[in-house]
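Notes follow once the structure below has been shown.
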Amino acid sequence: MDDSQHRSAGLHAARSCHGGTADRAARHARPRRLPHGGEIRRQGEIAPAIAACPGGWQTPHRRKREEATVSDWDLVIRNARIYDGLGNDPVEGDLAVRDGVVGAVGKVDGRGAEEIDAGGDAIAPGIVDVHTHYDAQLTWDPTASPSPALGVTTVVIGNCGFGIAPAPPAARDTILANLSVVEAMSLESLHAGVDWSFESFDEYLDLIQAKRPFPNVAALASHSVMRTAVMGDAGSERAATEAELAEMQALFRDALAAGALGMGSSTFENHFGAGNRPVPSRMADDAEFRAFARTLGEAGGGGIMMATCGNATSIPLLGELAELSQGATIYAPLLHYSNQPERAIGLARECAAEREKGRPVFPQCSCQPLSMDFTLEAAYPMLTIDGWPGSEDAAELKRAFADPAVRRRIRDDLAKPSGTRIFNGHWDRVEITIAQKPENADLVGLTLADLGQRQGKDPLDACLDLALAEDLKTVFTAKLLNVEEDRVAELLAMPGNLVSLSDAGAHHTLFCDAGFGIHFLSHWVREAQKFTLAQAIAKLTSEPARIYGLDGRGELRPGAAADFIRFDPAALKLSKTIKLADLPAGGERLVREAPGLKGTWVNGVQVHDGKGYRDVAGPGRVLRRRSARPERAAAE
């Protein structure tokens, strides 16, 4: 095969991987304003099609030329400690990039069009976040803020089955209403922001690519959305008929052909949608899950079925689904419960037992305490306490919180052990985050246990008195789950447990865990010293990329995608939450920053410089499943 034939094959391979062309991107693209005030402009492809595949397709002829070439790199990072993402010791030297692909690691001769002296900083693959909820946000914010500012270069959407495609016009209000409730997003912001320039799953992925996303995006088909598209409101009420299931399977086949990695779902008992109705996937029986698994297997296997699992969903069932789908199944969430100390480790061991049988089941494990910000106007963590007032009227709440009888009932309930309460009286895990009055500024950072001790009060009284004095506007942060560090460390260290569960893009005013990777690299490596930096980087990069079939991502070697971050390991940390009001229709959200992170690159293009987003056309790519629609690629 001569060079022209190789180039033709490269173009074909690029289209096979991503199923799209520059013409399609131009058809959808329009100027978009970025949060930092820049603009994404309609441009041609940044990199040649030969670099479009995640694995960085190269011909033998080109590899020989690169070995002999000593110049003309697009970018060279010099004087760095380079971590390959595979757990190996770092290499001292340089990293060279050409056409969005890593060209050389170590000693790099020649010059780059751009040269950066890293000054001894670490260079590592970008974080692969496999549990996000950017499905809606990506249609109005291609930066997927705040993830790239927190070192993330690839996001997976469609988790828990809460996406927005396929979207028949008649189902759109229901889809958004359910998403708003279950993932705590402003419904007004969703209605104002979502771009409905699509209906099918294929059109949705094309739209995301046309928006020029900053990170790479891989998508799971959404179980609840497919149920809504076929069954309407009945999707939240009953099992599907045989005909309805066949129609849903057809939608799933279409999504797989378009490039979906697999399917996201939920059977979790606390997942409710609009009108306090169960999310649609909770009404699916095991036979429905088996039918979807067989559909995935018939489409070539190798995909993902993930579920946020309720108590009725067993690990052996997930093992069976892995076998039927010829892929992997994902259990979420794996969190340590103080009142059920053996629960999480037991589930992890069950998943490991399934893998030993050849049935790949992987749990998603959080490396952070599950924390939640709240005021007493809407104290979500406290609502499961017997006696806690459930009113949404501020005047009624103030009267109740001042009532000694109400306080006594709350105290009495907290004194009794319970496996169902969210908050169980650990006042040493509830911190004062924002005080409204200047005279209370010195209270910020204290726990309610500290405050009670300082004032000589019961912590409950100290909490309620402070909130009443500030018109219920005091912001508290409660650490609810995953708090005992020795037990959490045991979960994080188990082979096969995915470090994940950021929920980035969701729970806008309750918490922001999008910086889970920064927390892992700073707290668990530098502070707790439970992992080496090389081990931690591998768990955030190559391990999730390998399990999810994201070829060429999560590692830095010649031929791999040039997705990477630059940081100072001694300074890296995660900031406190910051409240913004930058969502559509003025909606609020919480974000974090990452001091010590000096840059994020996606496919060789810097998208964040450690201070703000760069004014660039988004270089991210929709990463489509390997076996997606070969006939479409051939036609193009």
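Here are the numbers:
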item: Residue in the range 402-411 that is at pLDDT 95 or above, in contact with a Ser or Thr (Cβ under 8 Å, 6 or more places away or on another chain) and outside the structural domain of Thr132 (by the TED database) present; result: no
item: Criterion violated by Asp503 - all others in (1) assigned by the TED database to the domain that holds Ile385; (2) crowded, with 22+ Cβ neighbours inside 10 Å; (3) charged (D, E, K, R) satisfied; result: (1)
item: Extreme residue, most open to solvent (accessible area, probe 1.4 Å), among residues of the range 160-176 that are part of a helix (DSSP H, G or I) and under 16 Å from Val279 (Cβ atoms); result: Asp173
item: The range 78-87 - residue that is aliphatic (A, V, I, L, M) and within 27 Å of the chain's Cα centre (by Cα) and, of those, surrounded by the fewest Cβ atoms within 10 Å (Cβ to Cβ); result: Leu86
item: Count - residues of the range 461-477 that are open to solvent by 30 Å² or more (accessible area, probe 1.4 Å) and hydrophobic (A, V, I, L, M, F, W, C); result: 2
item: Residue within the range 88-106 that is open to solvent by less than 10 Å² (accessible area, probe 1.4 Å), assigned to a loop (DSSP other than H, G, I, E, B) and over 19 Å from Gln209 (Cβ atoms) present; result: no
item: Filtered residues of the range 354-385 (kept if farther than 23 Å from Arg343 by Cβ and surrounded by fewer than 18 Cβ atoms within 10 Å (Cβ to Cβ)); result: Gly358, Glu377, Ala378
item: Filter result for Leu179 (farther than 30 Å from Asp615 by Cα, open to solvent by less than 10 Å² (accessible area, probe 1.4 Å) and touching an Asp or Glu at 6+ places or on another chain (Cβ under 9 Å)); result: yes
item: Flag if Ala506 is aliphatic (A, V, I, L, M) and in contact with a Lys or Arg (Cβ under 9 Å, 6 or more places away or on another chain); result: no
item: Answer residue from the range 212-230, given it is more than 19 Å from the chain's Cα centre (by Cα) and in contact (Cβ under 8 Å) with a residue 24 or more places away in the chain and is surrounded by the most Cβ atoms within 10 Å (Cβ to Cβ) among those; result: Met226
item: Residue among Asp442, Asp458 that is open to solvent by less than 70 Å² (accessible area, probe 1.4 Å) and either farther than 25 Å from Cys367 by Cβ or under 32 Å from the mean Cα position of the chain (by Cα) (or both); result: Asp458
item: Cβ pairs under 8 Å, 6+ apart, first in the range 172-200 and in contact (Cβ under 8 Å) with a residue 24 or more places away in the chain, second in a loop (DSSP other than H, G, I, E, B) and of a type in the set (Ser, Thr, Tyr); result: Ser180/Ser186; Ala184/Thr509
item: Qualifying positions in the range 481-495 - in contact with a Ser or Thr (Cβ under 7 Å, 6 or more places away or on another chain) and either buried (at least 18 other Cβ atoms within 10 Å of the Cβ) or free of Cβ contacts under 8 Å to residues at least 40 places away in the same chain (or both); result: Asn482, Val483
item: Candidate set from the range 305-325 (those that are in a loop (DSSP other than H, G, I, E, B) and either touching a residue at least 60 places away in the same chain (Cβ under 8 Å) or of a type in the set (S, T, N, Q) (or both)); member that is surrounded by the most Cβ atoms within 10 Å (Cβ to Cβ); result: Thr313
item: Only one of Gly302, Gly273, Gly297, Gly259 that is in the same structural domain as Ser180 (by the TED database), under 16 Å from Cys160 (Cβ atoms) and in contact (Cβ under 8 Å) with a residue 24 or more places away in the chain; result: Gly273
item: Every residue from the range 360-378 that is more than 22 Å from Arg592 (Cβ to Cβ) and in the same structural domain as Trp427 (by the TED database); result: Leu376, Glu377
item: Residue satisfying all of: in the range 239-298; in a loop (DSSP other than H, G, I, E, B), at pLDDT 95 or above and of a type in the set (A, V, I, L, M, F, W, C); most open to solvent (accessible area, probe 1.4 Å) among these; result: Ala239
item: Residue that is surrounded by the fewest Cβ atoms within 10 Å (Cβ to Cβ) [pool: residues in the range 326-353 that are of a type in the set (Gly, Ala, Ser) and part of a loop (DSSP other than H, G, I, E, B)]; result: Ser338
item: Yes/no for Pro619 being in a helix (DSSP H, G or I) and under 30 Å from Gly301 (Cα atoms); result: no
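Okay, residues lined up against (1) over 12 Å from Val130 (Cβ atoms); (2) under 16 Å from the mean Cα position of the chain (by Cα); (3) touching a residue at least 60 places away in the same chain (Cβ under 8 Å):
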residue	(1), (2), (3)
Thr541	no, yes, yes
Pro544	no, yes, yes
Asp563	yes, no, yes
Ala570	yes, no, no
Lys573	yes, no, no
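The values are calculated or read from the model by the stated rules, or taken from the named source; none is laboratory data. Predicted model only: the values in this text are computed from it and were never measured. No Cβ is skipped: glycine too gets one built from the backbone with ideal geometry, and neighbour counts run over all protein chains shown. The area values use the complete protein model at the heavy-atom level, side chains included, leaving out ligands, DNA and RNA. Shrake-Rupley method; radii C 1.70, N 1.55, O 1.52, S 1.80 Å.
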